[in-house]
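Everything below concerns the one structure shown next.
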Amino acid sequence: MASTYPTTIDAFTNPTTTSLLTSPSHAGQHSDINDAMEAVQTKLAIGNTVIGTYIAYTPTMSNVTTGNATSSGAYCRVNDFVHVYGVFTFGSTTVVTGNIFINLPINLNAGLGAYSSVGIISLYDASSGTNYMSPGRYSGADNLIRVGMDLTSGTYGTWTTANATLPMTWTTSDIINFNLYYRAV
């Protein structure tokens, strides 16, 4: 029998202590197990991505008119765990129109509390060489991560959402870089 894994679990006939080598076929048993093991190895892969495979995707931002920005990223899902990373580099025709959100390739589990941290985001101001680091925050929508930064103007640090003028006025070569991890729906 050919293996049906990973679509379904294979059903093997187990021999008993009184079974002859022909019932079930000894050679057939070896062949079936070998086919099933090859299917498992194919599913699990080899190398650094033992389980799961990274899939390229083009990150997009909500409330950002992309224009001639460049964007690249990848994500991997293992069971309910998702790791996603990417970079979004502003072009000369890229415009921020409101609070910035990263659109996720796989929805996250809505069981997270509002503003739960799900990774790290770096906002790079190319004109000043300043890099703003902050946790990525769950937005309350299953497919969006709030982009923001920590403010330290008061007695205690606070967190706020990035927009057209925070943490800077966005322009050509500014970068949003992110590394996120979360539980999927």
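How about the stretch 110-132: which of its residues are under 12 Å from ASN177 (Cα atoms), within 16 Å of the chain's Cα centre (by Cα) and at pLDDT below 95? The answer is GLY119, and nothing else. Consider TRP170 against the criteria (1) of a type in the set (Phe, Trp, Tyr); (2) in contact (Cβ under 8 Å) with a residue 40 or more places away in the chain; (3) surrounded by fewer than 18 Cβ atoms within 10 Å (Cβ to Cβ): it satisfies all of them except one. Which criterion is unmet? Here TRP170 clears every test but (3).
Considering the conditions (1) surrounded by fewer than 15 Cβ atoms within 10 Å (Cβ to Cβ); (2) assigned to a loop (DSSP other than H, G, I, E, B); (3) in contact (Cβ under 8 Å) with a residue 12 or more places away in the chain, TYR156 is excluded by exactly one of them, (3).
Of the strands (runs of 3 or more DSSP E) lying entirely inside the stretch 70-144, the ones with 3 or more residues being polar (S, T, N, Q) are found at 70-78, 95-103, 130-138. Got at least one residue in the stretch 101-120 being under 19 Å from THR60 (Cα atoms), touching a residue at least 40 places away in the same chain (Cβ under 8 Å) and among the hydroxyl-bearing types (Ser, Thr, Tyr)? No, the stretch 101-120 has no match at all. For GLY129, the stated conditions do not hold, so it cannot be described as surrounded by fewer than 13 Cβ atoms within 10 Å (Cβ to Cβ), touching a strand residue (DSSP E or B) at 6+ places or on another chain (Cβ under 8 Å) and not hydroxyl-bearing (Ser, Thr, Tyr).
Filtering THR65, THR94 for residues that are surrounded by 15 or more Cβ atoms within 10 Å (Cβ to Cβ), at pLDDT 95 or above and polar (S, T, N, Q) leaves a single hit, THR94.
Yes/no per residue for (1) among the hydroxyl-bearing types (Ser, Thr, Tyr); (2) in contact with a helix residue (DSSP H, G or I) (Cβ under 7 Å, 6 or more places away or on another chain); (3) closer than 30 Å to TYR181 by Cα; (4) surrounded by 13 or more Cβ atoms within 10 Å (Cβ to Cβ):
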residue: LEU21; (1), (2), (3), (4): no, no, no, no
residue: PRO24; (1), (2), (3), (4): no, no, no, yes
residue: GLN41; (1), (2), (3), (4): no, no, yes, no
residue: ALA69; (1), (2), (3), (4): no, no, yes, yes
residue: ASN107; (1), (2), (3), (4): no, no, yes, yes
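The residue pairs whose first member lies in the stretch 11-29 and is assigned to a loop (DSSP other than H, G, I, E, B), whose second member is β-branched (Val, Ile, Thr), and whose beta carbons are closer than 6 Å, counting only pairs six or more residues apart or on different chains, are PRO24/THR13.
The values are calculated or read from the model by the stated rules, or taken from the named source; none is laboratory data. Predicted, not measured: the structure shown is a model, and the values here were computed from it. Neighbour counts are summed over all protein chains in view; Cβ atoms, including those assigned to glycine, are modelled from backbone coordinates with ideal geometry.
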